[in-house]
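Read through the structure below, which is laid out as structure tokens, and then see the notes.
The values are calculated or read from the model by the stated rules, or taken from the named source; none is laboratory data. Model, not experiment: these values are computed from the prediction. All Cβ positions, even for glycine, are placed from backbone atoms using ideal geometry, and neighbour counts span all protein chains on display. Keep in mind that these areas ignore ligands, DNA and RNA; they rest on the heavy atoms of the full protein, side chains included. Shrake-Rupley method; radii C 1.70, N 1.55, O 1.52, S 1.80 Å.
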Amino acid sequence: MNAGCYGGETWEIVGRAVTIDRRGQVRTRGKDEFDLGYRHCALKGDARMGVDEWFAGAWFDLREGDGAASRARIKELLEKRLASQPLSLPNAGSVFRNPPGDHAARLIESCGLKGLQRGGARVSEKHANFIVNPKGAARAADIEWLIEEVRARVLERTSIALLPEVRIVGERA
């Protein structure tokens, strides 16, 4: 998926990756074997990456630098995330990709969807692009319903189609 935040993306530092397919075959692949973009990573020539092959590991090519300065920067970024995201609750993470020139959380909040819930799942009041499971009682079907409901309401009210950043693996609930 090429996850990232605060202007950086994972693939900026990936050197190579290990994948596994449905038959259990493990492969080591070079970074050049992937087509990369915003919240996108697929094997070149295979738009199905993530359906038949999954990441199992990676090697990161990190620059040499000042360890103390790096630790301070990591601490600063973690504090920023803790202040703005519901990381103390079980959650589905950043659910939707940001559409060009906008933020999914802003759109969801502008549609009055913070706090929308089904079963044990709820759109976070802290960050609208997170679905939380505060009591651990949510079913997959609750989360999937919220994803589709948020998409439908945002599309209806803003004409912007949110694209999920999370991937549902397995059969739909």
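Stretching the chain fully between residue 145 and residue 54 yields a gain of 30.3 nm (0.36 nm per residue, less the alpha carbon separation). Over the chain, DSSP H runs of length four or greater, each weighted -39,500 (n - 2.57), average out per residue to a 222 nm ellipticity of -8500 deg cm²/dmol. The Rg/Rh ratio for the chain is 0.99, where Rg is the radius of gyration of the alpha carbons and Rh is the Kirkwood radius.
A Gaussian network model of the chain, with springs between Cα atoms under 10 Å, assigns the largest mean-square fluctuation among 119, 45, 65 to 65.
Annotation: lysines with alpha-carbon distance below 29 angstrom to residue 75 (same-chain offsets under eight excluded): 31, 114, 126, 135.
Which of 67, 82, 117 sits closest to the plus end of the dipole of the chain, meaning its Cα is farthest towards the positive end, when Lys and Arg get +1 and Asp and Glu get -1 on the C-beta? Comparing the listed Cα positions along the dipole, 117 ranks first.
Accessible surface computed residue by residue for the stretch 42-109, with neighbouring protein chains in place and a 1.4 Å probe, gives 70 Å² per residue. All other residues whose Cβ lies under 13 angstrom from that of residue 96 are scored, Lys and Arg at +1 and Asp and Glu at -1, for a net of +1.
Taking the Cα centre of the chain as origin and assigning +1 to Lys and Arg Cβ atoms and -1 to Asp and Glu Cβ atoms, the resulting dipole is close to 400 debye. Couplings 3J(HN,Hα) for the stretch 120-125, derived from phi with the Karplus relation 6.51 cos²θ - 1.76 cosθ + 1.60 (θ = phi - 60°), are x, 9, 8, 6, 4, 6 Hz, where x marks Gly and Pro. For the chain, the longest principal axis of the alpha carbon atoms and the long axis of helix 67-84 meet at an angle near 20°.
What the Cα convex hull of the stretch 116-173 gives, in volume per residue, is 88 Å³. Across the accessible surface of the stretch 18-123, with the other protein chains kept in place and a 1.4 Å probe, carbon and sulfur atoms take up 52 percent. Report the longest stretch of the chain that contains none of the GluC sites (Glu not before Pro) sitting in a DSSP loop with at most 13 other Cβ atoms within 10 Å. Longest stretch, sites excluded: 1-63.
Annotation for the stretch 1-43: chymotrypsin sites (Phe, Trp or Tyr not before Pro) lying in DSSP loop with at most 12 further Cβ atoms inside 10 Å of their Cβ are 6, 38. Where in the stretch 54-96 does the label zone of residue 10 land, with the point 7 angstrom along Cα→C-beta and an amide N cut-off under 16 Å? Correct set: 54-62, 92-96. 3J(HN,Hα) couplings calculated from phi for the stretch 146-158 with the Karplus curve 6.51 cos²θ - 1.76 cosθ + 1.60 (θ = phi - 60°) are, in sequence order, 4, 4, 5, 5, 4, 4, 5, 5, 5, 4, 4, 8, 10 Hz; Gly and Pro show x.
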